[in-house]
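Q: Below is a structure I'd like to ask you about.
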Amino acid sequence: MIEARGLTKRYGETLAVSELSFTVQPGRITGFLGPNGAGKTTTMRLILGLDRPTRGTVTVNGKEFRQLARPMQEVGALLDAKAVHGGRSARNHLRCLAEANNLPLRRAGEVLELVGLSDVAGKRAGGFSLGMGQRLGIAAALLGDPAILMFDEPVNGLDPEGILWIRNLMKALAAEGRTVFVSSHLMSEMEHTADHLIVIGRGRVIADCSVADFIAGNSVQSVRVRTPDPVVLVNAVAQAGGTAVADGDGAIVVQGLTAERVGDLAFTSRIPVHELTPDRASLEAAFMELTAASVEFRAGAPGGPPGGGRAADSGSEPGPGGGEPVRAGGVA
Amino acid sequence: MAATAQVTVARHGGVPASGGRAGLGGAVRSELTKIRSVRSTYWTLTAMILVTIGIGALFSFGHAQAFSQLPAGQQARQSAASIAHAADYSLFGLILGQLIVAVLGALTITSEYSTGMVRTSLTVMPRRGTLFAAKALVFGAVALAAGLATSFASFFIGQAILSTQHISTTLGHPGVLRAVAGGGLFLACCGLLSYGIGAMLRHSAGAITASIALLFVAYILSNFLPGSWAQHIDKWIPFNAGAAIWENVSAPDMFSPWAGFAVFAAYTAVALAAGLILFRRRDA
Ligand SMILES: Nc1ncnc2c1ncn2[C@@H]1O[C@H](COP(=O)(O)OP(=O)(O)OP(=O)(O)O)[C@@H](O)[C@H]1O
Ligand SMILES: [Mg+2]
């Protein structure tokens, strides 16, 4: 368990994190989400005692990190894959870490096998690709078989297979009852991985809730449907209490109904469905909207809230590509 | 979760729960592995040994040559003084050897910063004083062992060359063993001084430059001081103070061997203390 209370860190003029209070619980993956410069890395450095907080405290299992008897057996951390001496082989790198905490040296071989680096164990880490470096960092984090794991943007530089691998690894670690604290700046990444979310912007906590609650509270229910018989579907949706709008690309966007409900409606109306997609963008949009006020580096002029354009309606000015809004009542 | 089930972190019984508190012992073993597992250690130590021996041999050879060309009467008069200085001639290479061990001393800590390794090192050993001490102990021991080997090898090779003119000395002569062993102590101290500076500056190039300035440039500049100043200041210059221990014949106005070495060791202690304070206090 990680507990932060009023955690504040100032670098000269920059207030990197401010009055952070949160608890990271065991047995689940806690996603630490925030745009660039929000203070995620700073928070993790404070947890590890690499930086000293300006104010406030952060403890790991009730103790300051520096006080932990055997740090590697309590916390494993991957902050950045570059934190390795490039002239040392992967095996020797892990070996010197293991020795520092009196861990059996066989652990080096075990974790190398676990992350799939056994074949390059004797190679200099400086020659590793970004993905291999990331795996070596994860091996180091797992070396002490710790109950708490912390990963700062672990999927950076990984290929799709590597991303899947790390997702499964994190899920397995949480399923074993460990605390997994993982940062990301992509909601779409966390949505599939995390159980709980702590969202920060400009160094402040702006949401601390389960992923399910976040989705329920922030996403506009919308489902994209493609069917050769849109009129029937639009009517069925209207009768079920939803709204349907043509998205200008030949599909219909349904709001107010779940994907399951829309599928059932199509089935009972006996019309074929070529696509049925719950709209993921809405969650990313909700995240961006939530953090918009706190984004440090912003491009362009302020416009409407992201995703807000979908609210356009009324039958005037049909778009060029058949983008004419389809209102349920109007077509009937 | 079928795919995830095969990810078992602790395979063969995992990690024993009671390994004891991570302390200095583990940190020392860890640092020993670190220093042994990078090539730069071997290159630098080899360079130190070869350069020091080479220059000592060259200097001894030059002196033997000059001696051989003296007329017989002058040789007889000069012989005793030459023998008294024989150890100094053979150890003269230390003047460059000190710079190479300083490079290694600085790199021991600055390479952790340049590679980012320091963040990993501090997450496995967050007690910074322990980490700093382990590094100093391991590097100090390595530098002392290599320094003694360098100093004794330089001495024996230099004496072999000087013996061709019968102006060599032996370890049995008064002060000679102290001077030769002192050469090793001097090198270890130079390395540790530079390690302290490295901890303060955290930058390889900056720390190496500062160490060379302190050990070598200050010595060169001191030679340009007006005579009246030189009398009082010269002996306090780090190189002059440190070199007192490996000079069999003390130069005028200089400290006695052990007093000079004590001054040099005090400089080293100051650099180490300042390095430790900053290492503990600063964000890594
Ligand atoms: N050592 C430092 N000195 C000065 N400012 C710093 C330092 N470290 C971080 N900052 C500043 O603190 C703020 C938070 O940075 P941090 O790296 O924690 O953000 P982040 O959430 O990890 O961002 P990213 O997603 O880009 O990794 C930024 O404004 C950054 O410029
Ligand atoms: Mg970051």
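The values are calculated or read from the model by the stated rules, or taken from the named source; none is laboratory data. The shown structure was predicted, so the numbers you read here are calculated from the model rather than taken from an experiment. Please note: Cβ atoms are built from the backbone with ideal geometry, for glycine as well, and neighbour counts cover all protein chains shown. These area figures cover heavy atoms from the full protein model, side chains too; ligands, DNA and RNA do not enter into them. Shrake-Rupley method; radii C 1.70, N 1.55, O 1.52, S 1.80 Å.
Q: Free of Cβ contacts under 8 Å to residues at least 60 places away in the same chain, within 16 Å of ligand 1 (Cβ to nearest atom) and open to solvent by 40 Å² or more (accessible area, probe 1.4 Å): does that describe A:THR57?
A: No: the conditions fail for A:THR57.
Q: Just checking: which of the helices (runs of 4 or more DSSP H) contained wholly in segment B:225-284 hold 3 or more residues that are away from chain A (no Cβ under 14 Å) and surrounded by fewer than 18 Cβ atoms within 10 Å (Cβ to Cβ)?
A: Details: elements: B:227-233, B:238-243, B:257-281.
Here the list reads B:227-233, B:257-281.
Q: Now for a different question. What's the total number of residues in segment A:38-49 that are within 13 Å of chain B (Cβ to nearest Cβ) and within 10 Å of ligand 1 (Cβ to nearest atom)? Step through it out loud before you land on a result.
A: Initially, segment A:38-49 is screened for residues within 13 Å of chain B (Cβ to nearest Cβ), giving A:41-42, A:44-49.
If we keep only those that are within 10 Å of ligand 1 (Cβ to nearest atom) too, we end up with A:41-42, A:44-46.
Residues in segment A:38-49 being within 13 Å of chain B (Cβ to nearest Cβ) and within 10 Å of ligand 1 (Cβ to nearest atom): 5 in total.
Q: Pairs please, first residue from segment A:15-28 and within 14 Å of chain B (Cβ to nearest Cβ) and touching a residue at least 12 places away in the same chain (Cβ under 8 Å), second anywhere and within 15 Å of ligand 1 (Cβ to nearest atom) and small (Gly, Ala, Ser), Cβ atoms under 8 Å, 6+ apart in sequence or on different chains.
A: Final answer for the pair search is A:ALA16/A:GLY39; A:ALA16/A:GLY203; A:VAL17/A:GLY39; A:VAL17/A:GLY203.
Q: What number goes with the only condition from (1) closer than 25 Å to B:SER250 by Cα; (2) surrounded by fewer than 23 Cβ atoms within 10 Å (Cβ to Cβ) that B:TYR89 does not pass?
A: (2)
Q: Here's a follow-up. Listed residues A:ARG10, A:ARG45, A:ARG70, A:ARG5; which is surrounded by fewer than 19 Cβ atoms within 10 Å (Cβ to Cβ), of a type outside the set (Ser, Thr, Tyr) and either more than 15 Å from A:VAL205 (Cα to Cα) or within 13 Å of ligand 2 (Cβ to nearest atom) (or both)? Working first, answer last.
A: Details: A:ARG45 fails: surrounded by fewer than 19 Cβ atoms within 10 Å (Cβ to Cβ); A:ARG70 fails: surrounded by fewer than 19 Cβ atoms within 10 Å (Cβ to Cβ); A:ARG5 fails: either more than 15 Å from A:VAL205 (Cα to Cα) or within 13 Å of ligand 2 (Cβ to nearest atom) (or both).
The conditions single out A:ARG10.
Q: Just the residues that are without any contact (Cβ under 8 Å) to a residue 12 or more places away in the chain and either in contact with a strand residue (DSSP E or B) (Cβ under 7 Å, 6 or more places away or on another chain) or facing chain B (nearest Cβ under 9 Å) (or both), please, taken from segment A:132-164.
A: Matches in segment A:132-164: A:LEU164 only.
Q: Out of segment B:149-175, which residues are buried (at least 22 other Cβ atoms within 10 Å of the Cβ) and under 20 Å from the mean Cα position of the chain (by Cα)?
A: Result: B:THR150, B:SER151, B:SER154, B:PHE155.
Q: Something else now. Answer yes or no: is there a residue in segment B:99-115 that is within 22 Å of the chain's Cα centre (by Cα), closer than 30 Å to B:PRO174 by Cα and surrounded by fewer than 21 Cβ atoms within 10 Å (Cβ to Cβ).
A: Yes.
Q: Looking only at segment A:163-218, filter to residues that are open to solvent by less than 30 Å² (accessible area, probe 1.4 Å) and part of a loop (DSSP other than H, G, I, E, B); which one of those is farthest from A:GLU3 (Cα to Cα)?
A: By that ranking, first place goes to A:ALA194.
Q: For A:GLN25, state whether it is open to solvent by 50 Å² or more (accessible area, probe 1.4 Å), polar (S, T, N, Q) and more than 23 Å from B:ARG280 (Cα to Cα). Walk me through how you get there before you give the answer.
A: Values: open to solvent by 50 Å² or more (accessible area, probe 1.4 Å): yes; polar (S, T, N, Q): yes; more than 23 Å from B:ARG280 (Cα to Cα): yes.
Considered against the rule, which asks whether it is open to solvent by 50 Å² or more (accessible area, probe 1.4 Å), polar (S, T, N, Q) and more than 23 Å from B:ARG280 (Cα to Cα), A:GLN25 comes out as yes.
Q: Output the number of the condition that A:PRO154 fails; it satisfies all remaining conditions of (1) more than 16 Å from ligand 1 (Cβ to nearest atom); (2) under 20 Å from the mean Cα position of the chain (by Cα).
A: Failing condition for A:PRO154: (1).
Q: I'd like to check something: does segment A:87-102 contain any residue that is at the interface with chain B (Cβ under 9 Å from one of its Cβ atoms) and part of a strand (DSSP E or B)?
A: Yes, segment A:87-102 contains a residue that is at the interface with chain B (Cβ under 9 Å from one of its Cβ atoms) and part of a strand (DSSP E or B).
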